[in-house]
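Taking it in order: structure first as structure tokens, then the write-up.
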Amino acid sequence: METQFTNQPKPTLVNVIAWMTLASGIVNLFWGLIASISVLATIVGIVCIPFTILPTVLGIFEIIYAAKLLSNPPQAVQPSTPIAILEIVCVLAFNLFSVVVGILALVFYNDITVREYFARINGTPAPEPPVAPILPPIPALEPEVTPVVPEEPAPVEEPPAPAPEETPEKPKRSRKVAGK
């Protein structure tokens, strides 16, 4: 069945998302199976089984989602942020490859060409990019020019000279003249 989207190529980022998700799905599938088998070998490991099941189940969902993205003609599918978030949660299973794929997928889902592609294949209107409000122009204010007058330096006042020390004079005694 020919659709109107067969002639339009997929954006490169959509193909990158699809191939990354497929690779992460395969890695998660094997990672989860190997981890589950090794955990079941110990009694203490049985408690940790939920952490090993997550990559296995996520790997299956990733492979199905990637197949839908890679199909020709394209199938109506939404960006899968839950899968990307669960890929990041795979850090609990020590799968760093899946964490990187999840972060990149979330970043790529926010690209405008990817959003337009998903809107086009789903038949929904393309999301409009946010537009900043148009504000009226602010009149240019000329700075008030004040003439700069150099200030004359204030005369330097010398500290007052210390008053000379006055020695108290001895009271003069009147002399008595003899014989008078």
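Remarks
- Options 141, 104, 92; residue that is open to solvent by less than 80 Å² (accessible area, probe 1.4 Å), of a type in the set (A, V, I, L, M, F, W, C) and either in a loop (DSSP other than H, G, I, E, B) or modelled with pLDDT of 75 or more (or both): 104
Quick grid of which residues meet (1) closer than 25 Å to residue 111 by Cα; (2) touching a residue at least 12 places away in the same chain (Cβ under 8 Å); (3) in a loop (DSSP other than H, G, I, E, B):
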{"site": "14", "(1), (2), (3)": "yes, yes, no"}
{"site": "25", "(1), (2), (3)": "yes, yes, no"}
{"site": "36", "(1), (2), (3)": "no, yes, no"}
{"site": "42", "(1), (2), (3)": "no, no, yes"}
{"site": "45", "(1), (2), (3)": "no, no, no"}
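- Taken over the stretch 162-180, the criterion of being hydrophobic (A, V, I, L, M, F, W, C) and modelled with pLDDT of 70 or more is satisfied by 177, 178.
To keep it simple, each residue is scored yes or no on (1) open to solvent by less than 80 Å² (accessible area, probe 1.4 Å); (2) outside any loop (DSSP other than H, G, I, E, B); (3) at pLDDT 75 or above.
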position	(1), (2), (3)
117	yes, yes, yes
134	no, no, yes
137	no, no, yes
153	no, no, no
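- Residue that is modelled with the highest pLDDT [pool: residues in the stretch 30-48 that are open to solvent by less than 40 Å² (accessible area, probe 1.4 Å) and closer than 21 Å to residue 86 by Cβ]: 32
- The stretch 111-125, residues that are more than 17 Å from residue 18 (Cβ to Cβ) and not aliphatic (A, V, I, L, M): 123, 124, 125
- Candidate set: the stretch 49-70, residues that are of a type in the set (Phe, Trp, Tyr) and over 17 Å from residue 92 (Cα atoms); chosen: the one surrounded by the most Cβ atoms within 10 Å (Cβ to Cβ): 65
- All conditions but one from (1) of a type outside the set (Phe, Trp, Tyr); (2) open to solvent by 50 Å² or more (accessible area, probe 1.4 Å); (3) modelled with pLDDT under 90; (4) closer than 24 Å to residue 38 by Cα apply to residue 78; the one that does not is (4).
- Restricting the stretch 9-29 to residues that are open to solvent by 80 Å² or more (accessible area, probe 1.4 Å) and not hydroxyl-bearing (Ser, Thr, Tyr), the residue that is farthest from residue 92 (Cα to Cα): 9
- Tallying residues that are touching a Leu at 6+ places or on another chain (Cβ under 8 Å) and closer than 21 Å to residue 34 by Cβ within the stretch 89-115 yields 6.
The values are calculated or read from the model by the stated rules, or taken from the named source; none is laboratory data. Computed from a prediction, not measured in an experiment: that's the story for all the values here. Glycine also receives a Cβ, built like all others from the backbone with ideal geometry; neighbour counts cover every protein chain displayed. What goes into the accessible areas is simple: the full protein's heavy atoms, side chains included, and nothing from ligands, DNA or RNA. Shrake-Rupley method; radii C 1.70, N 1.55, O 1.52, S 1.80 Å.
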